[in-house]
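Undergrad: Take this structure, written in structure tokens, and hold onto it; I'll ask about it next.
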Amino acid sequence: MGTSAWWTYRPEDLLMVSPRVYARLFELHNQALWPAQPLALALGVVALAVLLRPGPQGTRLLLMLLAVAWAFVAWAFLWQRYAPIHWGMAYVAPLFGLQALLLAGLGTLRAGLHLPRRWSVPRGLGIGLFAYALLLHPLVAPAAGRGFAGAEILGLTPDPLAIATLGVMAMAEPARRAWALLALPALWCLQSGLTLETLGEPGAWLAPLAVAAALAARWWPAPATLR
Amino acid sequence: MALPHPPRLPLSRRRLLRGLFAAAAASALPGAGALAQSAEPLTRTLPGTDVALPRVGLGSWITFNVGDDPLLLEACTAVMAAFFAAGGRLIDSSPMYGTSQATIGHALKRLEAVERVYAADKVWTSSRDEGPAQIEASRQAWGVPRFDLLQVHNLRGWEGHLETLQAMQAAGEVRHLGITTSHGRRHDEVEHIMRRVPLDSVQLTYNIVDREAEQRLLPLARERGIGVIANRPFQRKRLIRRLAGTPLPPWAAEIGAESWAQFILKFIISHPAITCAIPATTRVEHVRENLAAAREPLPDEAMRRRMAEHVRGL
């Protein structure tokens, strides 16, 4: 881009790849990582179980799993695969690394972050987002006609990882720490939705909808406030 | 749930290679020289040089940014094979275009077309000091001994880079130099540079609806003897999508336009200041269609006005 008037460009002017290249990005990623997908799904199920029956050790395990996933996606997907065809990703990958460090830091603190045990609207939304990222988001690619070869798996690709993290941070306490860990996943989901919309891909609204759900959960009035 | 292995590929490698080699073979058949001669696209000489360029070139923004995907590299190679087979020469790229330069280099090597191509690339960095290293990296990606045309991308750091390019030109390390802009932006600055600095080429956005350049820049280019490369001829598909579904006017046959793409390209390249247009495509049939637009008959001034009015009214 030039040094002036960059704000006058349309999203389509900033798009660097075609739909076929974007689709092949995930196909090649999956091909290169096989058989990591079943392992990632199994770890995702473990994380979901922790969300359903949270405890201090389980929460730390969950945060560490997320931290490893953010670091892995930063390196293996954004840096190795996406950045060569989109120079902007060279700037995004370190931010994913930062998110990994923050998650790891909180995961090692004794009172870093805790998850609610009692059912509430925020908890329901949070678990729903995580379950969607784990179980349903991989079906978006085949539903859009790109086949299972292009499936986006939690822990291996950015969108489901960001949505799952939004789910955890939608219900985590204390709020200030949760907000800090919610910011980057939310920004990623918004840019991903914009990219998919510009590419003309169906389902572009899913990631931004996850952001809206996470924000609604965080802003949901606490029971005391309702009284 | 079924898991993603092995991937289902949307394109058949065999089909791609068949297209690639068919296109390449078409220009290598005995006697193909005479055939190619009759099918050669119209050319226009880059002002002040002896270089005659086909009036339709090939852009690479987005379309050739395919990473190291072997399947898509072959698809792009097939596009370039068809481009050369149809008489094309100028290919334009930039270090900003992801892996497009490497894709072009891959295809040039596969097609043994380094001698055939008119290699147009850009320098894209705000740092003057980084310019030479970037240009050298671009040259290596293309696999050409030197660039035919180097342009300052979107005027970024233009003063320093033009000095670098002038020194390279004096040393025979590049044949021609220029500047680029797009989307109709910074035309005042482009005009300033065109008046102040000796340029061989300016690249700007010009098509049947984006015609601001007609006011000052295109007349100035003729006056100063500067070639003009028209980018975004189809507004990156938007124009074609807008016109899709609308039939061509019957009088399009008078200029030999068989599609909206040819209609638009013929409008662009018939402007007396335009050296060539550089549509980008991922499809072999489109590259052939584009090159076929660079043939007689081309519209005269009255017809050009009629064409623009017609599109404005749709």
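Undergrad: Is the stretch B:29-38 home to any residue that is modelled with pLDDT of 95 or more, under 18 Å from B:Leu291 (Cα atoms) and surrounded by fewer than 19 Cβ atoms within 10 Å (Cβ to Cβ)?
TA: No, there is no match, as no residue in the stretch B:29-38 is modelled with pLDDT of 95 or more, under 18 Å from B:Leu291 (Cα atoms) and surrounded by fewer than 19 Cβ atoms within 10 Å (Cβ to Cβ).
Undergrad: With respect to the numbered conditions (1) farther than 22 Å from A:Ala40 by Cβ; (2) in contact with a Pro (Cβ under 9 Å, 6 or more places away or on another chain); (3) not in a helix (DSSP H, G or I), which one is the sole condition not fulfilled by A:Arg146?
TA: (1)
Undergrad: Being away from chain B (no Cβ under 14 Å), in contact (Cβ under 8 Å) with a residue 60 or more places away in the chain and either surrounded by 20 or more Cβ atoms within 10 Å (Cβ to Cβ) or more than 25 Å from A:Arg146 (Cα to Cα) (or both) is true for just one of A:Leu61, A:Leu48. Which residue is that? Full working, then the answer.
TA: Numbers: A:Leu61 fails: in contact (Cβ under 8 Å) with a residue 60 or more places away in the chain.
That would be A:Leu48, the only listed residue that is away from chain B (no Cβ under 14 Å), in contact (Cβ under 8 Å) with a residue 60 or more places away in the chain and either surrounded by 20 or more Cβ atoms within 10 Å (Cβ to Cβ) or more than 25 Å from A:Arg146 (Cα to Cα) (or both).
Undergrad: Here's another thing I want to ask about it. Which residues, counting only those in the stretch B:92-120, are of a type in the set (D, E, K, R) and closer than 22 Å to B:Thr180 by Cβ?
TA: B:Asp92
Undergrad: Could you grab the pairs with beta carbons closer than 6 Å, sequence gap of 6+ or different chains, first residue in the stretch B:211-232 and closer than 23 Å to B:Ala119 by Cα, second one in a strand (DSSP E or B) and of a type in the set (Val, Ile, Thr)?
TA: B:Ala221/B:Val228; B:Ile226/B:Val202; B:Val228/B:Val202; B:Asn231/B:Thr205; B:Arg232/B:Thr205
Undergrad: Please enumerate the residues belonging to the stretch B:93-118 that are in contact with a Lys or Arg (Cβ under 8 Å, 6 or more places away or on another chain) and closer than 16 Å to B:Gly143 by Cβ.
TA: Initial filter on the stretch B:93-118 (in contact with a Lys or Arg (Cβ under 8 Å, 6 or more places away or on another chain)): B:93-96, B:116-118.
Of everything in the stretch B:93-118, those that are in contact with a Lys or Arg (Cβ under 8 Å, 6 or more places away or on another chain) and closer than 16 Å to B:Gly143 by Cβ turn out to be B:Ser93, B:Pro95, B:Arg116, B:Val117, B:Tyr118.
Undergrad: Determine if the stretch A:151-158 includes at least one residue that is more than 16 Å from A:Leu106 (Cβ to Cβ), within 14 Å of chain B (Cβ to nearest Cβ), in a helix (DSSP H, G or I) and at pLDDT 95 or above.
TA: There is no residue in the stretch A:151-158 that is more than 16 Å from A:Leu106 (Cβ to Cβ), within 14 Å of chain B (Cβ to nearest Cβ), in a helix (DSSP H, G or I) and at pLDDT 95 or above.
Undergrad: Tell me, please, whether a residue that is under 22 Å from A:His29 (Cβ atoms) and loosely packed, with under 15 Cβ neighbours inside 10 Å can be found in the stretch A:145-160.
TA: Yes: one or more hits.
Undergrad: How about the stretch B:54-74: which of its residues are over 20 Å from A:Leu199 (Cα atoms) and either facing chain A (nearest Cβ under 9 Å) or surrounded by fewer than 24 Cβ atoms within 10 Å (Cβ to Cβ) (or both)?
TA: Within the stretch B:54-74, B:Pro54, B:Asp68, B:Pro70, B:Leu71, B:Leu73, B:Glu74 meet the criteria.
Undergrad: Inside the stretch B:58-114, can you point out the residues that are among the β-branched types (Val, Ile, Thr) and out of contact with any strand residue (DSSP E or B) (no Cβ under 9 Å at 6 or more places or on another chain)?
TA: Selection gives B:Ile62, B:Thr63, B:Val66, B:Thr77, B:Thr99, B:Thr103, B:Val114.
Undergrad: Let me ask something else. Report those helices (runs of 4 or more DSSP H) wholly inside the stretch A:13-88 carrying at least 3 residues which are more than 19 Å from the chain's Cα centre (by Cα).
TA: Of the helices (runs of 4 or more DSSP H) lying wholly inside the stretch A:13-88, those with at least 3 residues that are more than 19 Å from the chain's Cα centre (by Cα) span A:19-33, A:56-72.
Undergrad: Only residues that are over 16 Å from B:Ile229 (Cα atoms) and at pLDDT below 95: list them for the stretch B:168-185, please.
TA: Result: no residue meets the conditions.
Undergrad: Now for a separate question. Any idea which of B:Ile255, B:Ile268 is under 14 Å from the mean Cα position of the chain (by Cα) and either surrounded by fewer than 15 Cβ atoms within 10 Å (Cβ to Cβ) or away from chain A (no Cβ under 14 Å) (or both)?
TA: Values: B:Ile255 fails: under 14 Å from the mean Cα position of the chain (by Cα).
Result: B:Ile268 is the single residue among B:Ile255, B:Ile268 that is under 14 Å from the mean Cα position of the chain (by Cα) and either surrounded by fewer than 15 Cβ atoms within 10 Å (Cβ to Cβ) or away from chain A (no Cβ under 14 Å) (or both).
Undergrad: Are any residues in the stretch A:132-150 over 21 Å from A:Val168 (Cβ atoms) and facing chain B (nearest Cβ under 8 Å), and if so, which ones? So that I can check it myself, show each step before the final result.
TA: Narrowing the stretch A:132-150 to residues over 21 Å from A:Val168 (Cβ atoms): A:139, A:141-150.
The answer is A:Leu139, A:Gly147, A:Phe148, A:Ala149, A:Gly150.
Undergrad: I need the full set of residues from the stretch B:236-252 which are modelled with pLDDT of 90 or more and buried (at least 19 other Cβ atoms within 10 Å of the Cβ), in order please. So that I can check it myself, show each step before the final result.
TA: Pass one, the stretch B:236-252, residues modelled with pLDDT of 90 or more: B:239-244, B:246-252.
Residues satisfying the conditions are B:Leu239, B:Leu243, B:Ala252.
Undergrad: Against the conditions (1) surrounded by fewer than 17 Cβ atoms within 10 Å (Cβ to Cβ); (2) within 13 Å of chain B (Cβ to nearest Cβ), where does A:Arg118 fall short? Just the number, please.
TA: Only one criterion is unmet by A:Arg118, namely (2).
Undergrad: Here is a further query. Please verify whether the stretch B:158-176 includes one or more residues that are of a type in the set (Val, Ile, Thr), surrounded by 17 or more Cβ atoms within 10 Å (Cβ to Cβ) and closer than 22 Å to B:Ala277 by Cα. Please lay out each step first, then the result.
TA: Restricting attention to the stretch B:158-176, the residues satisfying the condition of being of a type in the set (Val, Ile, Thr) are B:164, B:174.
Now restrict to residues that are surrounded by 17 or more Cβ atoms within 10 Å (Cβ to Cβ): B:164, B:174.
Subset that is closer than 22 Å to B:Ala277 by Cα: B:174.
Checked against the condition, which is being of a type in the set (Val, Ile, Thr), surrounded by 17 or more Cβ atoms within 10 Å (Cβ to Cβ) and closer than 22 Å to B:Ala277 by Cα, the stretch B:158-176 yields at least one hit.
Undergrad: Tally time: how many residues in the stretch B:79-98 are among the aromatic types (Phe, Trp, Tyr), more than 14 Å from every other protein chain (Cβ to nearest Cβ) and part of a loop (DSSP other than H, G, I, E, B)?
TA: So the count comes out to 0.
Undergrad: Being in contact with a Ser or Thr (Cβ under 6 Å, 6 or more places away or on another chain) and more than 11 Å from chain A (Cβ to nearest Cβ) is the filter here, so list the residues in the stretch B:177-189 that pass it. Show your work before the answer.
TA: Kept after step one, since they are in contact with a Ser or Thr (Cβ under 6 Å, 6 or more places away or on another chain), are these residues of the stretch B:177-189: B:178, B:182-184.
Listed by number, the list holds a single entry, B:Gly178.
Undergrad: Given the condition more than 14 Å from every other protein chain (Cβ to nearest Cβ), touching a Gly at 6+ places or on another chain (Cβ under 8 Å) and either more than 24 Å from B:Asn231 (Cα to Cα) or of a type in the set (Ser, Thr, Tyr) (or both), answer yes or no: does some residue in the stretch B:149-162 qualify?
TA: First, the residues of the stretch B:149-162 that are more than 14 Å from every other protein chain (Cβ to nearest Cβ): B:149-150, B:162.
Going one step further and asking which of them are touching a Gly at 6+ places or on another chain (Cβ under 8 Å), we end up with B:149-150.
Those left that are additionally either more than 24 Å from B:Asn231 (Cα to Cα) or of a type in the set (Ser, Thr, Tyr) (or both): none.
Taking every residue of the stretch B:149-162 in turn, none turns out to be more than 14 Å from every other protein chain (Cβ to nearest Cβ), touching a Gly at 6+ places or on another chain (Cβ under 8 Å) and either more than 24 Å from B:Asn231 (Cα to Cα) or of a type in the set (Ser, Thr, Tyr) (or both).
Undergrad: Further, regarding this structure: Checking B:Ala261 against (1) small (Gly, Ala, Ser); (2) in contact with a strand residue (DSSP E or B) (Cβ under 9 Å, 6 or more places away or on another chain); (3) without any contact (Cβ under 8 Å) to a residue 60 or more places away in the chain: exactly one of these is not met. Which one?
TA: (2)
Undergrad: So which residues in the stretch B:85-99 are surrounded by 24 or more Cβ atoms within 10 Å (Cβ to Cβ) and under 13 Å from the mean Cα position of the chain (by Cα), if there are any at all?
TA: B:Gly88, B:Leu90, B:Ile91, B:Asp92, B:Ser93
Undergrad: A:Val92: modelled with pLDDT of 95 or more, surrounded by 18 or more Cβ atoms within 10 Å (Cβ to Cβ) and either on the phi < 0 side of the Ramachandran plot or basic (Lys, Arg) (or both), yes or no?
TA: yes
Undergrad: Among the residues of the stretch B:119-130, which ones are away from chain A (no Cβ under 14 Å) and closer than 27 Å to B:Met80 by Cβ?
TA: B:Ala119, B:Ala120, B:Asp121
The values are calculated or read from the model by the stated rules, or taken from the named source; none is laboratory data. Quantities reported herein were computed from a predicted structural model and do not represent experimental measurements. Here Cβ is always computed from backbone atoms with ideal geometry, including for glycine, and neighbour counts include all displayed protein chains.
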